[in-house]
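Q: Submitted below is the structure of interest, expressed as C-alpha cells.
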Amino acid sequence: MTKTHETNGLRGEMRILESVTEEIRRDLFTDAFAFRPLPPLGDGHALVRRAPWGLGRYTRWLPHALVTAFTALVALGTLAERPSMSGLVLTLFVAVPLVTTLLRPVGAWWLSIGAVFITAVILGGGLWTPGGLVSHLAVMVLVTLRTRPRLAAEMWLITVAFQVFVSVAHGTGLHDDAFEISMFFGVVLFVTAAVRAMRESKQRVAEQVAVTQVERSRRTVLEERTTIARELHDVVAHHMSVVAIQAEAAPYRVQDTPPELAAAFATIRENAVAALTELRRVLGVVRSENPDAFAAPEAPQPTLADLDALLANVRSAGLTAERITTGSVRPLPQGVELSAYRIVQEALSNVLRHAPGATARVELSYVLGGLGLRIVNGRPDRLAKPSPGAGHGVLGMRERVAMLGGEMTAEPTEDGGYEVVAFLPVAPAAAPGEVAA
C-alpha cells in the first residue's frame, strides 16, 4: 500500500512538473519572435484627452518615445564607459533588446539573455556589466508589462538559472552579488507583475460595470414595457367589455329588430368577447404570475383627473409642488391620460429622491395636436442620499412617450435644477359618420 501511495504521489508530481514545463514552453518558446507591436495610447486615455494645444495625436506615441529615450540613455552611458570597438558591440547588445520590446517582446528577452551569454561566456567578460544589468532588467519589466504577469516568474527563474550556469562555468562559484542581483530582479518583477495584474483587474471591473449598466438599463426598459402592457391591458379590456355589453343590449332597444341586424350585433359581441379572451390570455402572464389574477376586480387606472390627489400626496411627503394648466381642458384618450399621469408621477418621485428640499412645478398644456407636459424643480438645499436606481425612471418615461409617438427631453436647468419636457400627440377626433384613420 505504501509503495502504491508513493507511486501515485510521484506521478502527481510529474504531472505538475509537466504542466509547468508546458506553460513555460508556451509562454517563452512558442512564437517567441512573433510580431506584436506596442499599440499607441487610445483616444480615451487620460494623457491623450488632457494633452494641451492639440498635441493628443503625438501623446498617443508617448510609450514608444519613452522606451526609445531610455534606450538612447543606456546606450550612451555604455559607450561613454567603454569608447572602443568592443564598447560599440556592447552598446548594440544593450540597445537592440530594449528597442525590440516595442515589436517582439518575448523575442527581446531572448535577445537580452543571449547578449549577456555572449558577453560573459564567449567574450569572457563579466557576468553583468552596468549597461547589461540595467538593459536586461528593463527588458524584463517591459515584457512583464506587455504580457501576462506569469512571464515575470518564468523569466526570473531562467535568469537565476543562467547566473548559476555562468558562475559554475567560470569556476567562480556563487557569491553574494549574484544572490543580491537575483533578489533585486525578483522584487522589481514582483512589483511590476502586481501593477500589471492590478491594471488588468481595474479594466475588467470597468468592463463589467459597463456591461452591468447596459443590462440594468435594458432590464429597466423591459420592466417598464411590462408595466405599460399591464396598464394598457386594463384600458383595452375595459373598452372591449363595453363593446360586448352594448352589442348584446342593442337588439333589445329596437322593436322588431331585423334578423340581419340582430345577427350583426351577435357577431360583434362574439368577436369582442373572443378578442377580450385572447387579450387576457396573452397579457395575463405579465399581469401576474397567478393565472386567476383577472378573476378579481381591477382598480381603475389613474387619469389626469387624479393629479390633484397625486400632488397632495407628494406635498404630504414634504415636497412643495404646484400645478399650472393652460389651454382648453378636454378629455383625452385613456392611454394618453394614463401615460401623462405616470410621467408626472415618476418625475415628482425623482424630485423627492434626488433633489431634497427643492420646489417643483407641474405644467400641463392642452394644445390642438396633443398634450404638453413640463415638470421642473429647483436646486436642492441638501445632498441627496445615493440611489441605486438613478436614471432608470427617465428610461421608463421615454418608453411611454415613444409608445405614443411623442417627444421628450430630460436635462438639468441653468439654476441647478432639473426639468422633464414631453409632448404626447393626440389624433384629432373623427367627425360623425367618418372613420378615424
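Q: Under 13 Å from a label point 7 Å along Cα→Cβ of Val96: give me every residue in the stretch 104-143 with its amide N that close.
A: 108-119
Q: Looking only at Cα atoms, what is the convex hull volume of the stretch 95-165 per residue, in Å³?
A: That works out to 71 Å³ per residue.
Q: To continue, here is another question. Want the number for Ala169 to Ala264: 0.36 nm per residue separation, take away the alpha-carbon distance, what's left?
A: 23.3 nm
Q: Under 5 Å between amide hydrogens, which residues at least 5 positions from Arg323 or on another chain qualify, with H placed 1.01 Å from N in the peptide plane?
A: Sorted by chain and number, the residues that satisfy this are Val362.
Q: Roughly speaking, what is the stretch gain from Glu215 to Ser349, that is 0.36 nm per residue apart minus the C-alpha to C-alpha distance, in nm to one decimal?
A: Result for the pair: 45.9 nm of gain on full extension.
Q: Quick one: ranking Trp53, Trp109, Trp61, Trp156 by accessible area, 1.4 Å probe, largest first, what do you get?
A: Solvent-accessible surface, decreasing: Trp53, Trp61, Trp156, Trp109.
Q: Now, a different point. On the full set of protein chains, 1.4 Å probe, figure out the accessible area of Tyr58 and give it in Å² to the nearest 10.
A: 140 Å²
Q: Using only C-alpha positions, report the orientation-averaged shadow area of the convex hull of the stretch 81-121, nm², one decimal.
A: 2.9 nm²
The values are calculated or read from the model by the stated rules, or taken from the named source; none is laboratory data. Bear in mind the structure is a predicted one, so any value in this text is a computation, not a measurement. Positions of Cβ are backbone-derived with ideal geometry, glycine not excepted, and every protein chain shown enters the neighbour counts. Note: areas computed on protein heavy atoms with side chains; ligands, DNA, RNA excluded. Shrake-Rupley method; radii C 1.70, N 1.55, O 1.52, S 1.80 Å.
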